[in-house]
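Just below is one structure, and these are the notes that go with it.
Any read-out appearing in this document is the output of simple, stated calculations on the displayed coordinates, not a laboratory observation. A quick note: this is a predicted structure, and the numbers were derived from the prediction, not measured. Please note: Cβ atoms are built from the backbone with ideal geometry, for glycine as well, and neighbour counts cover all protein chains shown.
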Amino acid sequence: MIRKYVLMALGTFCLALSSGLFIIPGNILSGGVAGISVAISPLIPNVPKEYISSFLMLLMFVLGAIFMGRDFTLKTLVSSLLYPPMLIMVTKLIKPFEIDPILASVYGGLLGGVGIGIVFRQGGSTGGMDLPPLLMNKFLGIKVNVGVLITDGLSVLLGLINYGIPQVLIGFVSVYCTSKGCEKVISYGGAKSKEIKIISDNYLEIAEEIHHVIDRGTTILDGEGGYTHEKRKVLMSVVGDNEYQKVLDAVNRIDSRAFVVVTDIKDVHGEGFTYAFRI
């Protein structure tokens, strides 16, 4: 349990580093509270962006606690309470990197995505701009994905008015990098695998080879030819990338005329395919 919250704090710190070192100093119109703070800062120029971002995070947390209930509150508690002081600490103690805005959007987006991914893998939420789409869904019946589009659209519109098209385009780079960084962290440690379907008269012999030589399980499915309506057995197995060639060699050795279909699998859960590493 302690490890879980330590890692959620680490993810939140990555998010604070992203905002404090790249997104806010570079005026990057990314998603989330940091991007919103950049978008609206010209309207309140006397307020530092990091304070706007911290205020938005706490405001979203309070609104979530009021309207979304206990589960949402508990999931966002760690990030919502730690993000504001962490962001202020980062901006006070570490000098922002003076780099090209496009590089800032890439590094800031990736670092923020990593932070969000770490929090998500612990079952938590970073809160912030996750909330408006959820509120739209709960009270207006608007689908969450549409709510996300509306929220991001308003953010981009604010940025377009205050900064112009070039900054908006750079913001899109940051949003993309954030999504990729988050995706990589969430899927990290998952077994890279292939699903193999084999149609052969020698399916039992091939299955035995997979069981005893490669040490993987198989499933025998019922199939039917679409043209001939001939009943055939389809042998299915999921193997690691490093085992695929062994399976193919075994199939070719037993039945060189076998029909083999291979599909890349993004993630597999279950016996033999659990995460080798969990953040």
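I need the Kirkwood Rh of the chain: take the reciprocal of the average 1/r across all distinct C-alpha pairs and report it in angstrom.
Numbers: mean 1/r = 0.0462 Å⁻¹.
Hydrodynamic radius (Kirkwood, Cα only) of the chain equals 21.6 Å.
Given the DSSP H assignment, sum -39500 (n - 2.57) over each helix run of at least 4 residues in the chain and divide by its residue total; what's the result at 222 nm in deg cm²/dmol, nearest 500?
Theoretical 222 nm ellipticity from helices: -19000 deg cm²/dmol.
If you fit an axis through the alpha-carbon atoms of helix 101-121 and take the longest principal axis of the Cα set of the chain, what angle between them do you get, 0 to 90°, nearest 10?
Once rounded, one gets 60 degrees.
Which entries of Lys4/Lys49; Lys92/Lys180; Lys4/Lys184; Lys194/Lys233; Lys180/Lys246 show an alpha-carbon separation above 24 angstrom in the structure shown?
With Cα atoms farther than 24 Å apart: Lys4/Lys49; Lys92/Lys180; Lys180/Lys246.
Report the convex hull volume per residue for the stretch 104-190, counting only C-alpha atoms, in Å³.
So the per-residue hull volume is 103 Å³.
So for the stretch 11-101, what are the equivalent ellipsoid semi-axes in whole Å, largest first, each being the square root of 5 times an eigenvalue of the Cα gyration tensor?
Semi-axis lengths for the stretch 11-101 are 24, 15, 11 Å.
About its Cα centre, how strong a charge dipole does the chain have in debye, to the nearest 20, once Lys and Arg get +1 and Asp and Glu get -1 at the Cβ?
Computed charge dipole of the chain: roughly 920 debye.
Relative contact order for the stretch 2-187 using alpha-carbon pairs under 8 Å, separation at least 6, rounded to a whole percent?
Normalised by residue count, the contact order of the stretch 2-187 is 35 percent.
Output the 0 to 90 degree angle, nearest 10, between the alpha-carbon long axis of helix 165-187 and the longest principal axis computed from the alpha carbons of the chain.
For 165-187 against the chain, the angle is about 50 degrees.
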